[in-house]
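Just below is one structure, and these are the notes that go with it.
The values are calculated or read from the model by the stated rules, or taken from the named source; none is laboratory data. On a predicted model such as this, the values are computed, not experimentally measured, just so you know. Glycine gets a Cβ as well: all are built from the backbone with ideal geometry, and neighbour counts include every protein chain shown.
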Amino acid sequence: MMVESKGWDWNNVAEDEKGIWLEPAVESYYFVDRWTKKGYKKFLDLGCGMGRHSIQFAKAGFEVNAFDLMDEAVNSTMKWAEKEGLSITGKTGDMLALPYEDSSMDCIFCRNVIQHSDTEGVNKAISEIYRVLKKGGECYFTLASKSTHGFKATDWPLLDKNTKICKTPGPEYDVPHYFADYDDIFELCKAFKIEKIYHVENYYEQFGHGHSSFHYHVIIEK
Ligand SMILES: C[S@@+](CC[C@H](N)C(=O)[O-])C[C@H]1O[C@@H](n2cnc3c(N)ncnc32)[C@H](O)[C@@H]1O
């Protein structure tokens with residue numbers, strides 16, 4: 001049985017971490033460039049959070065659809081767009097049943113989102129991405145790696161062989177986390193052409209000491 005979807009509790013983000021969610025991630029600049037050059041227009045920010053990438057892509061001229069499980073996330077994105085005078089279409093819903101037509105998006109940006117389910121849910125989210133992308137369209141997504149600390153954490157209960165429940169206090173408390181390796185990604189993406197996979201380490205400080213996390217960054221084409 002698939003685990004019940006649980007989004008981020010955005011009201012529980014620590015004060016000194018709020019700024020992170022308002023600046024585009026470093027990788028996103030590459031995708032503005034890559035997808036502008038490909039002539040893509042219809043853009044889906046799958047799991048938009050506070051809206052940092054929706055705003056960035058709208059400013060770059062894309063037709064932006066901002067989507068998240070949490071009303072707070074979509075509302076924050078829409079308020080920010082209004083302040084900037086940008087036109088964005090916002091929708092609340094679950095990545096397991098995307099409320100978009102077949103073959104309706106040129107490109108899908110999905111950073112640290114589909115990992116928030118179990119093995120069955122991640123497979124379902126990838127099949128929804130396939131359905132919604134146009135032929136020749138691309139998706140950038142990230143997945144937490146089995147090399148990262150959460151997968152090794154002994155106080156995070158195991159749900160299936162790839163999935164644990166986060167027990168770190170904060171916005172992700174009780175949110176499921178799926179962890180991948182290369183073989184998992186090849187299997188998940190077998191309907192797509194895999195363009196690139198990067199295995200990236202991020203260093204950051206939290207709770208007064210340094211941590212690092214590993215994620216796969218994947219570009220796939222339908
Ligand atoms: C780590 S945050 C990333 C937000 C954004 N992509 C960014 O980079 O700023 C993960 C987001 O995914 C959303 N999310 C989690 N599960 C989801 C689901 N089943 N369907 C849609 N969104 C989901 C969360 O609510 C949260 O806003």
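What to note about this one:
- Candidates LEU159, LEU133, filtered to the one that is farther than 23 Å from GLU201 by Cα and surrounded by fewer than 22 Cβ atoms within 10 Å (Cβ to Cβ): LEU159
- LYS91 basic (Lys, Arg), in a strand (DSSP E or B), more than 9 Å from the ligand (Cβ to nearest atom) and surrounded by fewer than 17 Cβ atoms within 10 Å (Cβ to Cβ): yes
- Residue satisfying all of: in region 188-205; surrounded by 13 or more Cβ atoms within 10 Å (Cβ to Cβ) and not aromatic (Phe, Trp, Tyr); nearest to ILE165 (Cα to Cα) among these: LEU188
- Selected residue (criterion: nearest to the ligand (Cβ to nearest atom)) from residues of region 1-33 that are under 15 Å from ILE219 (Cα atoms) and in contact (Cβ under 8 Å) with a residue 60 or more places away in the chain: SER28
- Considered as a group, the residues in region 76-88 that are touching a residue at least 12 places away in the same chain (Cβ under 8 Å) and surrounded by fewer than 20 Cβ atoms within 10 Å (Cβ to Cβ) include one that is nearest to the ligand (Cβ to nearest atom), and that residue is TRP80.
- In the set ASP16, ASP45, only one residue is charged (D, E, K, R) and modelled with pLDDT of 90 or more; that residue is ASP45.
- Within region 36-59, being away from the ligand (no atom under 16 Å from the Cβ) and not charged (D, E, K, R) holds for THR36, GLY39, TYR40.
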